[in-house]
Amino acid sequence: MDQTEEKYPFYETFHIEGGNFTHAGSISSRIKRILKNEGFPNQVIRRMAIATFEAEMNVICYARWGILNLLVSTDFLKVVVDDEGVGIHDVNQAMKEGFSTADERIRELGFGAGMGLSNIKKVTDEMLLTSVVNQGTHLEFTINVVNGNPA
Amino acid sequence: MKLETLVQSFELEVKTGSDQLHQEVTGGYAGDLLSDVIAHSARGNVWITIQTHPNIVAVASLKDLAAIILAGGREPDPETLKKAAEEGIPLLISLLPAFELIGRLYQAGVPGIVSC
């Protein structure tokens, strides 16, 4: 880390517009750039890029809007995503690889494979998902900078 | 193997990123499901797909892929071209269908992610 430790932790907030596929991936790209500038290890950046991309896509595919909060500290990175949307009926089922409720339009774009949440689970050290049907979904995950999940 | 060698050997049309062709290709990955590519492709891979929408650029950029190769002569969406140019991602087109292209790339020594 090339900066002094006093600037940590810091927060960044990103707004995600549901249904807008044109800029899909732009938030995860921005987060990747931030972490690169801060000098985090490549492995940590790679895992964050995967997890934030999937989280961003979930809001775009299934919600009206969402907010992604990023907390950057020297020891860990934390992301909290809250959206207003259809929600998830059965969180455990949604976590299973291959389970998807995506419609044809989403699938044609190459999304909706039912891998998003399990991808997030794989690359993070902690993950929490709660949802209220027809209201929205709350997702948070943490990636440890040292001694993290090697995935 | 350098990306420009692949461009020449396989007569790939370079749509964007012509200044990025000096990159070393670490291997290849194929798929049209973005989550699958996000999960399994590796840095420096060429990615063979038939998806043409702008989100493929986001995936390639996030995973530091060497290039996107659109199989079957598919043309990228205008927005995809714009984004790829902005991000400096080489976007290449092959007239070969995916299976033929991948088979020939593999034969030419571009490895997959599993070493055998």
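Readers should treat all values here as calculations from the given coordinates under stated rules, not as data from a laboratory. Computed from a predicted model, the values in this text were never measured in an experiment. Virtual Cβ from ideal backbone geometry, glycine too; neighbours counted across all protein chains shown.
What net charge do the residues around A:Ser131 carry, taking every other residue with its C-beta under 10 Å from that of A:Ser131, with Lys and Arg at +1 and Asp and Glu at -1?
-2
Could you give the spread of the C-alpha atoms of the protein assembly as shown along their three principal axes, from largest to smallest, in whole angstroms?
Principal extents (Cα only, largest first): 51, 47, 37 Å.
With just the Cα atoms defining each centre, how far is segment B:66-102 from segment B:1-43? Give it in Å.
9 Å
If we count every other residue with Cβ under 14 angstrom of A:Ile50's Cβ, Lys/Arg +1 and Asp/Glu -1, where does the sum land?
+2
Net charge around A:Ser100, counting only other residues with Cβ within less than 14 Å of its Cβ (Lys, Arg = +1; Asp, Glu = -1)?
Taking every Cβ under 14 Å from that of A:Ser100, the sum is -4.
Inside 10 Å of the C-beta atoms of B:32-44, what's the mean count of C-beta atoms belonging to other chains?
6
Helix A:26-38 sits at what angle to the longest principal axis of chain A, using alpha carbons and giving 0 to 90 degrees rounded to 10?
10 degrees
For segment B:14-116, what is one quarter of the convex hull surface built on the Cα atoms, given in nm²?
Quarter of the Cα hull surface area: 5.8 nm².
Could you list log10 I(q)/I(0) for segment A:42-85 at q = 0.23, 0.27, 0.29, 0.30 Å⁻¹, which the Debye formula gives when each Cα is one point scatterer?
Per q value, in the given order, log10 I(q)/I(0) is -0.79, -0.96, -1.03, -1.07.
Please report, to one decimal in angstroms, the Kirkwood hydrodynamic radius of segment A:5-144 built from all distinct Cα-Cα pairs.
About 15.1 Å, per the Kirkwood formula over Cα pairs.
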